[in-house]
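The values are calculated or read from the model by the stated rules, or taken from the named source; none is laboratory data. In this text, all values refer to a predicted model and were calculated from it rather than measured experimentally. Quick reminder, even Gly has a Cβ in these numbers, built from the backbone with ideal geometry, and neighbours come from all protein chains shown.
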Amino acid sequence: MSGPPLQHADYGAHPLSRRARTVLVVLGLLVAVGATTWVYLQWRERTGALSWATIGYDVRSDTVVDVRFSVSKAAEDAVVCRVIAQDDTTLVVGEAEVDIPVGRTDSRVAVALETTSRAVLGRVDTCRAR
């Protein structure tokens with residue numbers, strides 16, 4: 001009991017044209033990208049997106065190293081960063097905590113660290129919200 005193959009007209013469905021399918025796929029992708037971007041931006045705003053980076057350092061003497069670094073944070077957050085100097089064996093020979101006040105979102109900071117012996121490296125070790 002097999003008959004002729006069923007046609008779309010038998011079900012009342014009309015196939016979408018290739019152009020209509022392409023438009024729907026593109027619209028779906030745009031909605032997905034837009035929703036993902038919105039979720040990411042909301043997440044980033046809520047987490048504060050704290051980040052830091054060492055810009056450079058200068059060993060001025062056997063007892064002082066200058067360290068320059070940047071911090072990005074939410075404007076309403078106060079942050080404290082630990083800056084360290086290390087000798088050629090990676091031993092910490094100097095450290096300081098540097099306060100970054102509420103207000104700016106991006107800050108560049110320079111600090112002169114006193115060391116117990118000659119440092120070969122200065123860097124920002126970590127930052128955290130206060």
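Annotations for the structure displayed:
- Selection count, region 75-111, where residues are farther than 22 Å from ALA49 by Cα, surrounded by 17 or more Cβ atoms within 10 Å (Cβ to Cβ) and of a type outside the set (Val, Ile, Thr): 3
- Between ARG108, ARG82, ARG123, the distinction of being assigned to a strand (DSSP E or B), touching a residue at least 60 places away in the same chain (Cβ under 8 Å) and not acidic (Asp, Glu) belongs to ARG123 only.
- In this entry, ASP58 is excluded by the filter for residues that are assigned to a strand (DSSP E or B), over 16 Å from the mean Cα position of the chain (by Cα), surrounded by 15 or more Cβ atoms within 10 Å (Cβ to Cβ) and among the acidic types (Asp, Glu).
- Members of region 112-126 found to be buried (at least 18 other Cβ atoms within 10 Å of the Cβ) and either outside the structural domain of ASP58 (by TED's automatic domain parsing) or among the aliphatic types (A, V, I, L, M) (or both), listed by number: LEU113, ALA119, VAL124
- Residue-level check: of (1) within 19 Å of the chain's Cα centre (by Cα); (2) surrounded by 17 or more Cβ atoms within 10 Å (Cβ to Cβ), VAL67 misses just (1).
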